[in-house]
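The values are calculated or read from the model by the stated rules, or taken from the named source; none is laboratory data. No experiment lies behind these values; they were computed from the predicted model shown. Positions of Cβ are generated from backbone atoms using ideal geometry, with glycine treated the same way; all protein chains shown enter the neighbour counts. Heads up: the accessible areas ignore ligands, DNA and RNA and are worked out on the full protein's heavy atoms, side chains in. Shrake-Rupley method; radii C 1.70, N 1.55, O 1.52, S 1.80 Å.
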Amino acid sequence: QVQLVESGGGLVQAGGSLRLSCAQSGPISTINHMGWYRQAPGNERESVALITSGGTTNYADSVKARFTISRDNAKNTVYLQMNNLRPEDTGVYYCNAAGRYLNNFRWKDFDSWGQGTQVTVSS
């Protein structure tokens with residue numbers, strides 16, 4: 001199965017910046033889209049940013065103009081640059097990828113999640 005590992009979370013003051021990374025590993029695969037989600041305590045998981053295989057991006061209204069999602073296809077890695085962070089950005093950030101992977105000479109669909117990385121923004 002395709003595996004995702006996030007890194008880059010931490011504690012930052014309001015107005016600061018963080019850069020999250022999500023590295024993909026596993027069998028040969030094609031990625032349809034990758035995205036970042038977050039979940040604050042007591043809240044449901046919500047979509048933050050999405051990038052398609054063609055490079056089209058989409059952002060939640062709350063992070064537009066502050067967050068930037070990007071991909072390095074050569075490194076099988078997706079990034080989330082987060083600027084001007086706010087306390088309400090606090091939560092566990094999860095990486096998601098969906099596509100197809102090669103298994104015993106057959107293509108199979110996958111929808112994988114990383115383990116999550118904590119982002120805490122202090123006021």
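Structure notes:
- Strands (runs of 3 or more DSSP E) contained in the stretch 72-123 and holding at least 2 residues more than 13 Å from the chain's Cα centre (by Cα): 91-103, 106-113, 117-122
- The sole residue among 58, 32 that is at pLDDT 95 or above and of a type outside the set (A, V, I, L, M, F, W, C) is 58.
- Evaluation of residue 76 against (1) surrounded by fewer than 18 Cβ atoms within 10 Å (Cβ to Cβ); (2) under 30 Å from residue 105 (Cα atoms) (one fails), failing number: (1)
- Note on the stretch 1-27: residues that are open to solvent by 40 Å² or more (accessible area, probe 1.4 Å), within 21 Å of residue 120 (Cβ to Cβ) and of a type in the set (A, V, I, L, M, F, W, C) total 3.
- Among residues of the stretch 27-48 that are without any contact (Cβ under 8 Å) to a residue 40 or more places away in the chain and farther than 16 Å from residue 5 by Cα, those with a beta-carbon under 8 Å from a residue that is open to solvent by 60 Å² or more (accessible area, probe 1.4 Å) and part of a strand (DSSP E or B) at least six positions away or on a different chain give the pairs 46/39.
- Taken over the stretch 109-123, the criterion of being open to solvent by 20 Å² or more (accessible area, probe 1.4 Å) and within 24 Å of residue 30 (Cα to Cα) is satisfied by 109, 111, 113, 115.
- Residues in the stretch 88-108 that are open to solvent by 20 Å² or more (accessible area, probe 1.4 Å) and in contact with a Phe, Trp or Tyr (Cβ under 8 Å, 6 or more places away or on another chain) were compared, and the one that is nearest to residue 50 (Cα to Cα) is 94.
- Qualifying positions in the stretch 48-90 - over 18 Å from residue 18 (Cβ atoms) and among the polar types (S, T, N, Q): 52, 53, 56, 57, 58, 73, 76
- All positions within the stretch 32-61 that are farther than 26 Å from residue 108 by Cβ, among the charged types (D, E, K, R) and either open to solvent by 60 Å² or more (accessible area, probe 1.4 Å) or in contact with a helix residue (DSSP H, G or I) (Cβ under 7 Å, 6 or more places away or on another chain) (or both): 44, 46, 61
- Strands (runs of 3 or more DSSP E) lying entirely in the stretch 1-44 (those with 3 or more residues that are within 27 Å of residue 61 (Cβ to Cβ) and among the aromatic types (Phe, Trp, Tyr)): none
- Residues satisfying the stated conditions in the stretch 64-73, i.e. open to solvent by 70 Å² or more (accessible area, probe 1.4 Å) and of a type in the set (A, V, I, L, M): 65
- Unmet criterion (only one of (1) modelled with pLDDT of 95 or more; (2) within 19 Å of residue 8 (Cα to Cα)) for residue 65: (2)
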